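Accompanying notes for the structure given below.
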């Protein structure tokens, strides 16, 4: 786990050093958050808070990963399987961040919560995910890449693995985006999930993925310094789309797809709450929750924002711990 912590510390330091100058720059260019009209009333006070802070997370992640890999190459024996994997990982994360950045820019420019249309955003996400899936296909390890494994149980999905991998990336990217609705919520949950994946990957000696998980954890920890309640900056889609993609990619490269489904349980619940709400309203005209995603439902029940965030963090810790225990039991 040494290199996990090296990547963690480097990413943390990068975000903390960049934080204050980045906040001043975002304020200077008037990159203020636009609040949805149907958001809980108390959220209107957050209007104007700098957004697009996800740039900090992505920078910390990429720099932390690459510098820790450079240090490992210089001072230890690297155990990387494919030299291009980290580069593809970073490129894919940056592409998802770019989609989010464009969405955030359009919202700020228009002064309304109207950025990219849903179909435009999804099309871009699937295109990037498809390019990544093509890379996996062209560099497949026979008997490994397309196999989902849980202990002695193995399922070879063959060619079906690649479209499902792309769907997994896009789905988690949007699930994290939906969870980004309260101060510190998405960043904290991502920190917990990345740490859990790192712990499991370290146990399995999952190559450079250990540094990827460490850098992501460190970047999220540093960002929480500015994003915890009351938030001084929001990550925007720039951060949330990139966070979801990076978590999915770590799970894919570490071959922890099945265990990661449990680790990411809180994100799936957030997404499911939106799906159920939409389906219920369109079919019956009734809402299941007072508001979706689920964290807003608790807010409207009168639970303070900080207590909702703590509740979801605890749920994230439990799901991460269960994922670790499952990995230990089936190893």
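The values are calculated or read from the model by the stated rules, or taken from the named source; none is laboratory data. Only a predicted model underlies this, so the values are computations on that prediction, with no experimental measurement involved. Backbone-built Cβ (ideal geometry, glycine too); neighbour counts: all protein chains shown.
Observations on the structure shown:
- Test: residue in region 76-85 that is modelled with pLDDT of 85 or more, surrounded by fewer than 20 Cβ atoms within 10 Å (Cβ to Cβ) and on the phi < 0 side of the Ramachandran plot: yes
- Considering region 293-318, the residues that are without any contact (Cβ under 8 Å) to a residue 60 or more places away in the chain and touching a helix residue (DSSP H, G or I) at 6+ places or on another chain (Cβ under 6 Å) include one that is nearest to residue 266 (Cα to Cα), namely 315.
- Among (1) assigned to a helix (DSSP H, G or I); (2) in contact with a helix residue (DSSP H, G or I) (Cβ under 7 Å, 6 or more places away or on another chain); (3) surrounded by 21 or more Cβ atoms within 10 Å (Cβ to Cβ) - the single one residue 161 does not satisfy: (2)
- Test result for residue 68, farther than 17 Å from residue 168 by Cβ, at pLDDT 90 or above and outside any loop (DSSP other than H, G, I, E, B): yes
- Complete set of residues in region 133-158 that are farther than 24 Å from residue 327 by Cβ and part of a helix (DSSP H, G or I): 133, 134, 135, 137, 138, 158
- Of the criteria (1) at pLDDT 95 or above; (2) part of a helix (DSSP H, G or I), which one residue 299 fails: (1)
- Odd one out for residue 48 among (1) crowded, with 20+ Cβ neighbours inside 10 Å; (2) in contact with a strand residue (DSSP E or B) (Cβ under 6 Å, 6 or more places away or on another chain): (1)
- Within region 1-45, the set of residues being part of a loop (DSSP other than H, G, I, E, B) and either in contact with a strand residue (DSSP E or B) (Cβ under 8 Å, 6 or more places away or on another chain) or farther than 30 Å from residue 290 by Cα (or both) comprises 1, 29, 30, 31, 33.
- Test: residue in region 104-114 that is part of a helix (DSSP H, G or I), under 23 Å from the mean Cα position of the chain (by Cα) and within 29 Å of residue 5 (Cα to Cα): no
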